[in-house]
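Notes follow the structure.
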Amino acid sequence: MKFRAKIVDAACLNHFTRVSNMIAKLAKTCTLRISPEKLNFILCDRLVGGGVSMWCELEQENFFSEFQMEGVSAENNAIYLELTSENLSRALKTAQNARTLKIKLTNKHFPCLTVSVELLSMSTSSRIVTHDIPLKVIPRKLWKDFQQPSVPDADVSIYLPVLKTLKSVVEKMKNISNHLVIEANLNGELNLKIETDLVCVTTHFKDLGNPPLASDDASRDRDPAEMAEVHVDIRKLLQFLAGQQVNPTRALCNLVSSRMVHLDLLHEDVCLQYFIPALS
């Protein structure tokens, strides 16, 4: 297995750093999948029972000026690595205003992702800062556990309001309850609701708009005013909202009644899918 890549464009470097910071806030550890065309950051906590899962996808040509990789074989040309997200984020923080960033797979008594940052200098010479991020290579037999999640047909799909506004509302609700009901319909209405023995609080969003559903039959058979609802752990939703670095160009919430919330975000050329299971 071989992997090396290089970023020389400052905007690409800053964007890649923001993505890394976002992943660090969403997942303590994650799986990095490297293929010839794409990088994926994957979280599959649901395999451990009821946790969230995440699939973040980057087109490598939009970030890297050089990109070379060889997978485990010609038939399985991919590399799966498990690493601590915060370690990568910390390494990239030193790359602000850097001239170049190089990333490669190395073996220094143990497998590492080596990040080399060439920093600008007042003199003609430059300084190189190197980070060796320890990781675990995931064997081929376990790759099936890290495939892109299948998305069931949503009962309701709705555009989200501004995420900063949503985060502010959810933060206040978290002080009252750990459970949240998310409701939405095909009239562009979204409700966030908490209920306790003492109080019931609902925040209403209107005129958000609905994209076309993947299943036309579902949209034809459903009353537009009928609410689909999912009960979730409010802390998992807040973790997702706290991890967002910028407002995405597209933000969708897909509700599968009583099963899951599927959040689908597009940040320029980065696609993030986040799955929160329903509380039983």
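Qualifying trypsin sites (Lys or Arg not before Pro) in the range 23-81, where qualification requires a DSSP coil assignment and no more than 13 other C-beta atoms within 10 Å, comprise K28.
Computed over the range 2-145, the P(r) tail beyond 28 angstrom holds 17 percent of alpha carbon pairs. Which shape class, rounded, prolate or oblate, goes with the range 227-268 when its Cα gyration tensor gives a ≥ b ≥ c as root eigenvalues, a/c under 1.5 marks rounded, and past that a/b bigger than b/c marks prolate? It is oblate, given that a/c is not under 1.5 and a/b is not larger than b/c. Under the combined filter of DSSP loop state and at most 14 neighbouring Cβ atoms within 10 Å, the range 42-129 retains these GluC sites (Glu not before Pro): E75.
If I model the range 144-194 as equal point scatterers sitting on the Cα atoms and use the Debye formula, what is log10 I(q)/I(0) at q = 0.27, 0.30 Å⁻¹? For the range 144-194, the Cα-only Debye profile gives -1.05, -1.14. Entry note, the range 2-145: relative contact order of 26 percent, from Cα contacts under 8 Å with a spacing of 6+ residues. Just report the Cα centroid separation between the range 133-175 and the range 264-280, whole Å. Comparing the Cα centres of the range 133-175 and the range 264-280, I get a distance of 4 Å.
Summing Lys and Arg as +1 and Asp and Glu as -1 over all other residues whose Cβ lies under 12 Å from the Cβ of C112 gives a net charge of +2.
Size of the range 42-114 from its Cα atoms: along the principal axes, largest to smallest, the extents are 43, 33, 32 Å.
For the range 2-145, a simple Cβ point-charge model (Lys and Arg +1, Asp and Glu -1, everything else neutral) yields a dipole of about 380 debye relative to the Cα centre. This model, with +1 at the C-beta of Lys and Arg and -1 at the C-beta of Asp and Glu, gives the chain a dipole about its Cα centre of some 1480 debye. Taking a span of 15 Å or more along the helix axis (Cα atoms) and a mean Kyte-Doolittle hydropathy of at least -1.0 as the rule, the DSSP H helices of the chain that qualify are 10-26, 163-174.
As a length-normalised measure over Cα pairs under 8 Å and 6 or more apart, the relative contact order of the chain settles at 19 percent. Restricting the range 85-154 to trypsin sites (Lys or Arg not before Pro) that sit in a DSSP loop and have at most 13 other Cβ atoms within 10 Å of their own Cβ leaves K108. Using a probe of 1.4 Å, the accessible surface attributed to V129 totals some 40 Å² when neighbouring protein chains are kept in position.
With a Cα cut-off of under 17 Å and a minimum spacing of 8 residues unless on different chains, the lysine pairs in the range 136-228 number 9. Two numbers describe the Cα atoms of the chain: Rg and Dmax, which are 20.9, 70 Å.
Shown for the range 93-212: the carbon plus sulfur share of the solvent-accessible area, taken with all protein chains present and a 1.4 angstrom probe, equals 50%.
For the range 148-280, the Cα-based Rg and Dmax, in that order, read 14.2, 45 Å.
With the alpha-carbon atoms of the range 1-44 aligned to their principal axes, the span from lowest to highest coordinate is 31, 27, 14 Å, starting with the largest. Taking every protein chain into account, the accessible area of the chain amounts to 51 square angstrom per residue (probe 1.4 Å).
Where only DSSP H runs of four or more residues are counted, the chain gives -5500 deg cm²/dmol as its mean residue ellipticity at 222 nm, each run worth -39500 (n - 2.57).
The values are calculated or read from the model by the stated rules, or taken from the named source; none is laboratory data. All figures in this text were calculated on a predicted structure; none of them were measured in a lab. Using ideal geometry, Cβ is built from the backbone for each residue, glycine included, and neighbour counts are taken over all protein chains shown. Surface accessibility is based on the protein's heavy atoms, side chains included, excluding ligands, DNA and RNA. Shrake-Rupley method; radii C 1.70, N 1.55, O 1.52, S 1.80 Å.
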